[in-house]
Each structure stands twice: as C-alpha cells, then as structure tokens.
1. Using heavy-atom solvent-accessible surface (probe 1.4 Å) with all chains present, what is the largest-first order of Thr81, Thr713?
2. Could you let me know the centre-to-centre spacing of region 694-714 and region 724-767, using Cα atoms, in angstrom?
3. So if we plug the beta-carbon distance of Arg473 and Ile409 into 1/(1 + (r/R0)^6) with R0 = 35 Å, what FRET efficiency do we get, rounded to 0.05?
4. HN-Hα J couplings of region 541-558 from phi, Karplus 6.51/-1.76/1.60, θ = phi - 60°, integer Hz, Gly and Pro as x?
5. What is the local net charge at Val756, summed over the other residues whose Cβ is closer than 15 Å to its Cβ (Lys, Arg +1; Asp, Glu -1)?
6. What does the net charge come to around Pro720 if you take all other residues with beta carbon closer than 10 Å to its beta carbon, with K and R at +1 and D and E at -1?
7. Going by Cα centres, region 393-409 and region 538-588 are how many Å apart?
8. Leaving out ligands, DNA and RNA but keeping every protein chain, what accessible area does Trp402 have, in Å² rounded to the nearest 10, with a 1.4 Å probe?
Amino acid sequence: MIFSILFKMRNVLVYYVFLSFISTAVLSLNFESILKNSENATVFHYCEFNKLYNFQANNATVPVLVFNKTENSTIYPARITTSSDAATAENPLLFAAWQKSQLTTWEVPRLVPSNKNLLYRNVTRTLCPHYVNINSTAHMDSFFITVSIDASNTDFTIRAQLVDDFVVDVGKPISFTVSPAHSQFYSFTFPDYLSSGVLRIKSDNSVCMSLSVQNFSCPVYDQENNLKFTGYWETITKSGGMLLTKEAFPLRVFLVFVVHSNDGDCSGHIEGNSGSPADRIKRVELEIIPSITYQDYLIAMAAVLIAFALMYIGAFGVFVWAHKRKERNELSEEYDSFCGEASVVTQTLSGADEVGFFNSDQLSSNTSTLARPRERIIKLCLNDLAKVNHDVMRRRSNLYLWNLMTIAIFYSLPVVQLVLTYQKVLNSTGNQDLCYYNFLCSRKLGQFSDFNHIYSNIGYILLGILFLLIVYRRHATEKKKATGIPQHYGLYYTLGAALFMEGILSGCYHFCPNHSNFQFDTSFMYILAIISILKIYHSRHPDINASAYTAFGLLAVVITLGMCGVLYISTGFYVAFCIFHVCICLFLSAQIYYMGQWNLDSSHSQNIKKIIISKIRSGRENYCRPEYPSRMALLVLGNVCNWALIASGLFFHMGDFATYLLAILLCNLLIYFSFYIIMKLILGEKILFQPLIYTVLALISWAAAGYFFYHKTISWKLTPAQSRTFNRPCVLFDFYDNHDIWHFLSAVSMFFSFMVLLTLDDDIANVDRSLIPVF
C-alpha cells in the first residue's frame with residue numbers, strides 16, 4: 001500500500017512539473033501578440049467589478065473583457081461568475097482568465113461526469129490573488145478574460161466580484177456554499193501570538209467534499225482533478241477538521257473547498273444516482289480556533305505522570321500496610337467434610353454403583369486414569385493436583401514469560417518500522433485520509449501528527465512496570481510451603497510484561513490508526529485475556545495447566561482468526577466462526593464441569609447413552625438431575641452469555657471482527673472470574689479486604705472506561721470521511737479526548753484486575769492443600 005502511494009506521488013509530481021512548464025511558457029508570450037495573430041476578430045470590453053454584463057460570442061469574434069485595477073488598495077481576489085442557457089455540452093463556451101502570472105480556464109456549461117452526468121450552466125471560479133506577501137499594499141493588477149466558442153451567436157452573462165470575506169480570522173466562523181461548479185478557497189494568516197490552530201468544518205448534509213490546505217502560491221488547485229497535487233487534503237461529509245501549524249505554513253495558507261461529482265470517495269461505493277445539480281450544493285461553516293501552547297503540552301503531560309506517581313506511592317503504602325497486618329484466615333469447618341480422600345464412582349452397565357477410593361500417590365501417578373469414560377470424579381482436592389515438583393512447575397511457569405518476551409521483540413520491531421514509514425508517507429503526501437485521527441483533538445509534536453494519543457498509552461507502560469515490581473516483591477518475600485494455592489509467579493510476570501507491551505503496541509497503532517494496523521492495538525489484549533483465564537484455571541489445577549507452547553499456539557490461532565476477519569470479512573466467515581465458537585464453548589464447559597478430568601473419545605458418548613438408559617429403566621427419580629447443580633447453573637449462564645455474543649456478532653459487529661473477537665475473550669474472562677468467586681463463596685471461602693477493594697476499584701474503573709470507549713471519536717470500519725463525523729474536541733486539559741481517557745482508565749482497570757488475581761486466594765494461604773477444593 002505504501003509503495004503504491006509513493007508511485008502515485010511520483011506520477012503526480014511529474015504531471016505537476018509538466019503543467020508548470022507549459023503554464024510558464026504560455027504566460028511568457030505577449031498577450032496582445034496572441035490576439036493580433038488570432039484568426040478571429042477581437043472585441044474589447046472594459047468592465048467594472050460587481051456589475052452583471054450580457055455579451056454574445058461566436059466562432060468569428062473573440063470577446064476580450066478587461067477588468068482594470070480598483071481605486072482603493074485591496075488584497076481581495078476576484079471571483080468570476082459565468083452562465084449561459086444557450087451553450088451546449090457539445091459546444092461549450094471556453095473562458096480564459098489571463099493574469100500577470102497565470103492562466104485560468106473553464107467552460108460553460110460544465111459537464112460533471114458521474115453515474116448520472118450533471119450539467120451546470122452556472123460556473124464560478126476564483127482567481128488567485130496577485131500579492132505575494134501579507135504586507136503588500138499594491139493595487140490589484142488588471143486582468144483579461146477571453147471567451148470563445150465554435151458555434152454561432154451564443155449569449156452569456158458574466159460578473160466579477162471582489163471577495164471581501166476572503167481572509168479568515170481566528171475565532172470568527174464564516175459560512176458559504178460550494179458545489180462541483182462553484183469551488184471556493186479562502187486565505188488565513190497566523191497572527192504573531194499563534195503558532196497553531198484547529199480548522200473546524202461543519203455541514204448540514206452528507207455531500208462528499210474535499211478540503212485542501214495549500215501554501216500561499218499560485219496557481220491554486222481548486223478542482224477535483226488537481227486538488228491532491230500539493231498541500232494537505234482530506235475528504236469530508238458532515239464534519240471535519242485539520243491542525244494548521246505555522247511551522248508547516250509560515251506565510252499565508254489557502255483553504256480550498258471542492259465538492260465531488262459523486263459521493264464514492266466518502267461513502268466507499270459509487271452512488272446509483274447523483275441526483276440533480278441542486279442536490280450537490282453543500283453549505284459549509286468554517287472556523288479556526290487557537291490550539292494550545294507548548295506550555296499547555298507540558299502541563300497535560302505532567303498531570304498524567306503525577307497521577308500515576310500517586311498510584312506508585314499508594315501501592316507502596318498498601319504493601320507496608322498489608323505486611324504489618326498479615327491477614328491470613330483459616331478455612332471454615334465445612335472443608336473438613338468436603339475434602340478427604342478423592343473418591344471415584346464407577347458406573348456399571350447395569351446401573352449399579354461401585355465406590356472405590358484411591359490414595360494420593362495413585363492419583364498423582366497417572367491423573368489421566370481419572371478420565372476413563374465409565375468413571376466420574378465426585379470430590380477432588382488441591383493436593384491431588386499439586387504433585388509435580390515445585391522447581392519443575394516454576395520453570396514451566398517461567399516459560400510463559402520467556403515466550404512472551406521473544407514474541408514481543410520479533411513482533412514489535414517490524415511494527416515500529418512500519419508505523420514510522422506510515423508517518424513519513426503521511427507527511428510527504430499530505431493525504432490525511434491515510435490515518436484515522438480525531439482531527440479536532442490531534443496534538444502535533446515534532447514529526448508525530450497525533451502525539452497525545454501516543455502519549456496517553458504511558459499508563460499501560462507505567463502500571464505494567466508497577467505490577468512487575470509488586471509481583472517481584474511478593475515473590476522475594478514468600479517462603480516455600482505446602483499450604484495454600486501453589487504460587488508459580490511466571491504467569492504474573494507474563495501479565496505485567498504483556499501490559500507493558502500493550503502500551504508500546506497501542507502507541508505504535510496510534511502513529512497512524514487505520515483498519516490495516518488495528519491488530520497492533522489488540523494483539524496483546526488477546527494475550528492478556530487468555531493468560532488471565534489460564535491463571536484463574538491454574539489456581540485450582542496447578543499440575544494440569546496448559547503449557548506455554550500450547551497457550552501461545554492458541555494465541556497464534558486467535559490472531560490468525562483476527563487477521564482473516566479483517567481481510568476476508570463476510571457473512572459466511574461469521575457463520576463458520578460462530579459454529580466454531582459454539583463447539584469450543586461446549587468442550588470447555590465439559591472440562592470445567594468435570595474439573596479437567598474428562599476426555600472426548602469415540603466410546604464416551606455411547607457409555608453416557610447406556611448410563612442414561614439404565615437409569616431410566618431402573619425407575620430412579622431425578623435421573624436427569626446434575627451431580628453438581630451449582631456448577632451446572634453457572635456453566636449454563638456462561639453458555640447463554642456466549643450465545644448472546646454469537647447473536648450480536650451476526651447482527652451488530654459486521655465489519656469490526658477484531659473488536660468482536662476481543663469482546664468474546666474479555667466477556668469469557670469476566671464470566672470465568674465471576675464463576676471462580678461465586679464458587680469460593682459457595683464453598684465457604686472468604687474474600688479478604690484487600691482483594692475486595694481491588695475488585696470494587698476494578699469494577700468502577702472498567703465501567704468508566706467502557707463509557708469513554710463507547711463514545712468513540714473515530715471508526716476505522718467506516719471510510720475516513722465518515723469517521724470524521726465522530727471527531728470530538730478535547731475534554732481534558734484541552735489535550736486528551738475520550739479515547740485518551742479510555743487508555744488511562746483501561747490501564748488502571750487491568751492493573752486492579754491483576755491485583756485481584758494476585759491477592760484473591762490470600763484467605764487460604766495457610767490452609768493445608770488437602771482441605772482446599774478443586775472447582
């Protein structure tokens with residue numbers, strides 16, 4: 001994509017140089033000698049500004065309209081309005097405006113090509129001003145307009161007006177109309193006190209229009225076919241904006257507005273009918289408001305650093321408080337009756353029950369024997385699933401961190417290279433449609449066009465480091481013991497490192513956000529969600545957790561699905577993914593229901609069928625009643641939530657599969673986390689004060705973050721012009737918008753969520769593992 005843009009840039013530059021050469025050659029000729037050598041007779045008419053004239057042209061004479069300089073000094077350009085009801089598209093009137101330094105041509109009527117060709121009999125052109133600096137006091141030079149036609153007598157009208165509202169002032173909105181035959185451009189000069197300003201555009205309809213910001217020089221490119229030759233440009237429907245800086249435009253700038261012949265460039269597809277010429281008229285309101293100063297930049301940036309510094313101080317205070325208090329609670333007496341020796345019920349084909357008991361050594365020697373089709377685990381305790389040597393499990397757990405670091409390095413370096421190239425292409429081409437910025441709150445710094453959205457990811461980085469420090473301190477002070485949940489800290493380190501990398505990759509995405517690099521922003525969110533689910537499962541199943549290679553292999557599948565969803569989005573893809581989603585939900589539900597001691601083989605379904613038939617024939621009551629009602633109820637609720645996600649994906653998330661996939665992972669993380677807490681409470685365990693506070697803070701911050709995420713400021717699944725309708729002004733320090741606040745709050749939310757995972761089972765830290773249930 002980048003190379004194709006550079007290739008087009010080269011072609012445009014060659015064409016621009018060629019036109020400049022031809023224009024210079026023509027204008028170097030003497031205007032009077034051109035008329036003298038013309039085969040047609042010339043008729044001079046001396047005209048005044050602001051008067052409407054009726055003339056006639058034919059193939060025998062060439063009317064020459066002379067507009068002399070005005071009495072008073074002026075910096076206003078001339079706007080020429082021409083019309084003719086007699087001329088046709090086959091034989092149009094050809095107008096040529098001769099100025100001191102350029103030639104401007106147009107024809108009446110103007111045929112605008114589209115699905116339904118539009119014919120404009122009234123055409124307006126604004127001539128480029130003659131002055132070359134803002135302090136010029138010279139009178140306006142004279143200019144000539146010649147009119148020719150290859151037909152008999154053809155009437156036309158012409159009026160030349162001085163554009164007295166040509167100069168745009170800071171903070172003073174102006175309104176005007178523009179159409180394919182009536183392009184407009186205005187001038188803006190930075191006051192001495194202003195180094196940058198935000199250009200705001202509003203309109204009351206969705207007619208496609210382009211805005212171009214060009215340097216103060218002639219010619220002005222104000223037509224649809226040449227608008228992109230120079231300067232910065234973007235497409236607009238109902239609203240838009242652009243940051244103007246004195247560094248990029250040290251003198252005056254021209255603000256050019258051109259309505260397109262159809263809405264294809266703004267809607268993404270060619271409209272079936274462009275309507276009538278009246279339907280392509282667009283009313284526009286333009287305003288330039290001052291941007292913030294570099295001092296304001298420093299205040300906004302420092303305020304965020306101070307806020308996160310307070311979190312560091314608070315974390316240190318909590319650590320000191322928790323260390324002094326050392327709150328550890330024993331389990332209640334119900335655990336004595338819940339756990340003991342693990343029992344296995346063997347169901348014979350006749351329906352009789354045989355209960356056999358196995359000691360812990362037999363269970364640990366081969367835990368897969370517990371998963372035979374004709375056996376069901378009734379009660380399982382943590383000591384039965386925590387037999388592997390501690391050092392072995394520590395090394396396995398650390399593999400998650402080493403795998404993550406390897407992936408992060410190999411993934412992030414090409415990403416950084418790519419986004420820096422994006423930034424260079426954006427700066428060199430001026431194509432503002434390349435990146436989906438919130439142009440009403442886009443703060444430029446150096447070569448970074450959207451620095452505030454890059455900087456706001458600092459929360460992920462700082463809180464990721466803080467969580468790593470907390471985990472390291474907890475790890476260093478903890479003694480080896482055979483009580484409580486086995487704490488293998490590799491997963492915790494992986495969560496902190498992944499949060500850190502989310503800040504790096506999200507910042508890279510915001511160099512130039514668009515649909516092709518959105519995966520940079522979500523890849524480590526996928527990792528965080530899956531690693532969190534594995535950590536919750538690891539708490540009660542320490543020996544049978546997935547290996548690091550399996551986990552990151554699953555992540556590779558998830559990211560591949562995300563890529564396919566972005567590139568090959570279709571209803572068929574969604575249906576196939578939903579079927580896959582249902583199968584995964586059913587499989588995981590069986591795994592959780594049977595506490596990981598369940599296998600799917602060819603004989604399992606037959607055995608289940610025989611057991612159910614045997615119970616029915618034996619006349620037992622409640623033969624369909626689940627052995628674990630509480631667990632079954634929670635799993636049914638979780639499956640209903642996933643089916644709701646499937647339905648919402650089919651009806652509401654078409655075109656944004658990456659966000660939909662992330663929503664599935666986060667919702668399942670929330671479901672499993674809720675399941676874990678509820679099972680703790682059902683089994684008589686406690687939620688201590690510290691994890692309870694973290695839970696409340698996480699819920700509050702997640703709710704606030706969701707609000708700001710929902711009120712988005714861009715949408716890359718739409719076209720750039722449509723995305724600009726979501727652009728909103730800054731809401732915090734005149735530097736951060738809703739999405740920046742989402743960055744801050746989501747970073748805080750994830751940090752508190754990880755702290756909940758770290759401290760949730762502190763209430764059973766001193767309880768013997770033979771008394772801790774598995775669920």
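1. Numbers: Thr81 35, Thr713 10 Å².
Most to least solvent-accessible, the answer reads Thr81, Thr713.
2. Taking the Cα centre of each part, region 694-714 and region 724-767 sit 7 Å apart.
3. Numbers: r = 26 Å, r/R0 = 0.74.
The pair Arg473/Ile409 has a calculated efficiency of 0.85.
4. Computed from phi, the couplings for region 541-558 are 9, x, 8, 10, 6, 5, 6, 4, 5, 5, 4, 6, x, 5, 4, 5, 5, 4 Hz.
5. Working: positive: Arg474, Lys535, Lys680, Lys686; negative: Glu685, Asp761, Asp762, Asp763.
Overall, the nearby charge balance is 0.
6. Working: positive: Arg724; negative: Glu234, Asp265, Asp433.
That works out to -2.
7. Here the answer is 20 Å between Cα centres.
8. About 150 Å², ignoring ligands and nucleic acids.
The values are calculated or read from the model by the stated rules, or taken from the named source; none is laboratory data. Here the structure is a predicted model, which is why all the values come from computation and not from measurement. Ideal geometry is used to build each Cβ from the backbone, glycine not excepted, and the neighbour counts take in all protein chains shown. Accessible surface areas use protein heavy atoms only, side chains included; no ligands, DNA or RNA. Shrake-Rupley method; radii C 1.70, N 1.55, O 1.52, S 1.80 Å.
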